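The structure appears right after this line, and notes come after that.
Just so it is clear, none of the values below were taken in a lab; they were calculated from the coordinates. It should be emphasised that the depicted structure is a prediction, and the values quoted were computed from it without experimental measurement. Cβ placement follows ideal geometry from the backbone for every residue including glycine, while neighbour counts extend to all protein chains displayed.
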Amino acid sequence: MAYEWIVDALDETWSAIDRALRSQSPEVYDAPTPCPGWSVRDILGHLVGFELMMSGEPVPEHAGSWPAYVKNPIGEINEAYVVAFRPTPGAELLNLFRTTTLRRLDALRQLDDETWERVGWSPEGERPFHRFQETRVLDSWIHLQDIRDALLEPSDDHGPGEEIVVNRFEAALPYVLAKRARAADGTLVRINLTGRLARSVLIGVEGGRARALEGVDAEPNLEITTPVALFWRRAAGRVTADAFLRASATVVRGDEELARAFADALVIMI
């Protein structure tokens, strides 16, 4: 199977969530997480619900208004499942998470290459199915870290999920700089990430569009050096722009106004 690596990444990430919670006490499920508005139980409810929806089950009906952190139709779907699962005891919900994800993994492993390439609905619009499932890795891995942070048990065994997350967030940087931060033509920004997945990316803006550049010796208007873990946390909306820019591990050189606009625009997850 051409995209077995995506299924393996989902398997590893979902298994890590199960291991993190399997021996925890009942009150842990009510602990708040860095994901705005959601507890550990809510994250499990979201993950279970989304995979149930992908298996063809209807989205629960929702009565009343949406919380302020729900900002789009996908957020409404997610929140409908979260609310529906809130009365479920944590251990019971974890067991449902295990059976649901194992069933989904088995179904994914049965798909042929043509199905993986087929373009269809995804939260990002019409995309090939493999891109959609890569996004499921991103979402699940970020939520794994949310749970670990809530448990005060951060871990460095980040595996293939982290690579997918950082690569996807890096690929979005030109769009963040040109379209969201509205950097002027001629702007050069260098982002240096430190840590296990360290890299340095130079982005240039021309004609209202930005792209990654290589072999350019010009001095950037802005250079930000920050750890990989802080970068993805800001891109996932888990830390504020202030926390990102003012962290002791972040070094900002150059245009401070542009740095602020870039940090404000950096939240990539929908």
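Annotations for the structure displayed:
- Peptides ranked, highest mean first, by Cβ atoms within 10 Å: ranges 29-39, 245-255: 29-39, 245-255
- Multiplying the residue separation of L151 and A107 by 0.36 nm and subtracting their alpha-carbon distance yields 12.7 nm.
- Helix-derived mean residue ellipticity, 222 nm - over the chain, DSSP H n ≥ 4, -39500 (n - 2.57), to 500: -15500 deg cm²/dmol
- Sorted peptide list for 94-102, 261-269, criterion being average Cβ within 10 angstrom, highest first: 261-269, 94-102
- Kirkwood analysis of the chain, using all unique Cα-Cα pairs, places the hydrodynamic radius at 19.9 Å.
- Crossing angle, helix 40-54 versus the chain [Cα axis fit, 0-90 degrees, rounded to tens]: 80
- Prolate/oblate/rounded label for the range 4-160 (Cα gyration tensor, a/c 1.5): oblate
- Exposure rule at most 12 other beta-carbon atoms within 10 Å, DSSP loop GluC sites (Glu not before Pro): the chain longest free segment: 127-213
- Computed on the Cα trace of the range 172-265, the radius of gyration divided by the Kirkwood hydrodynamic radius gives Rg/Rh = 0.93.
- The range 93-135-the range 1-72 distance, computed between alpha-carbon centres (Å): 15
- Rounded to 10°, Cα long-axis angle of helix 256-265 versus longest principal axis of the chain: 20
- Crossing angle, helix 4-22 versus the chain [Cα axis fit, 0-90 degrees, rounded to tens]: 70
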